[in-house]
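Everything below concerns the one structure shown next.
Derivation of every value follows stated rules applied to the coordinates shown; laboratory data play no part. Every value quoted in this text rests on a predicted model; they were computed, and no experiment measured them. Cβ sites come from the backbone with ideal geometry, for glycine too, and all protein chains shown count toward neighbours.
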Amino acid sequence: MVKTCVRIFSLTALSLLFSFGYSQGDQGDKVEYEKRVKKEDFPATSILLIQESFVISKKERFFKESDGQNIYYEYKALYKNKNWSVKFNQEGILVDVEVLKSFKNITDTIQLNIRTYLEKEYKKYNIKRLQIQYLKKPNVNFSDSEFIQEILQDNYRNAHINFELEVEVLYDNDSSNLVEFLFDHSGRIVKKRKVNKRDEDYILY
């Protein structure tokens, strides 16, 4: 049975547009729908790209997402003992590549910058999940297939790198929220949004 998932993100303010399509700081309210679909429902271009890049993968899952304005397709799989997700637009063009990572395994300097921000903003915090996000640099004379192959081979020369975290935070008034943060390659905050969801809404791998 196909299950439709709804994620409701409550956010506090709009700010200046950040490079590569992100806004810095808090962002406006957003409702996201995620539905598991069949492989055949994906754009043909994205299926070809997946088959070329993830030759021997396990636990494959296919999802269709909407943020109320745009529709995306996301492929999730276990490949070479790492949990990967690859997002495409409606035309099957690559949006980004993400890999699940332990916070303690990222660079010490980046860890410090992120922790410094969280300690300044909140009474307490608990990092629940981290994904490293890879975006293809603009004007790179590289196909999406070549870009994914580089990322899978730990070659990031043509990628912009961000860190996406889900963190349980405690405020000074002792209220708490699950918050999604996006930090840039050096650990500087790009945006954040409060996350409200049912257990079944949270589908990872």
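Using θ = phi - 60° in the Karplus curve 6.51 cos²θ - 1.76 cosθ + 1.60, the 3J(HN,Hα) couplings for the range 145-153 round to 4, 5, 5, 4, 4, 4, 4, 5, 9 Hz; x is entered for Gly and Pro. For Val37, the residues whose modelled amide H falls within less than 5 Å of its own, excluding neighbours fewer than 5 places apart on the same chain, are Phe62, Phe63, Lys64. Neighbours of Phe142, meaning other residues whose beta-carbon lies under 12 angstrom from its beta-carbon, give a summed charge of 0 when Lys and Arg score +1 and Asp and Glu score -1. Give the calculated FRET efficiency between Glu52 and Tyr156 to the nearest 0.05, with a Förster radius of 22 Å applied to their Cβ-Cβ distance. According to the calculation, E is roughly 0.65. Sorted fewest first by neighbouring Cβ atoms within 10 angstrom, Ile106, Ile148 come out as Ile106, Ile148. Annotation: lysines with alpha-carbon distance below 18 angstrom to Lys82 (same-chain offsets under eight excluded): Lys58, Lys59, Lys101, Lys104, Lys128. For Lys38, the aspartates and glutamates whose Cα falls under 16 Å of its own Cα, not counting residues fewer than eight places away in the same chain, are Glu60, Glu65, Glu74.
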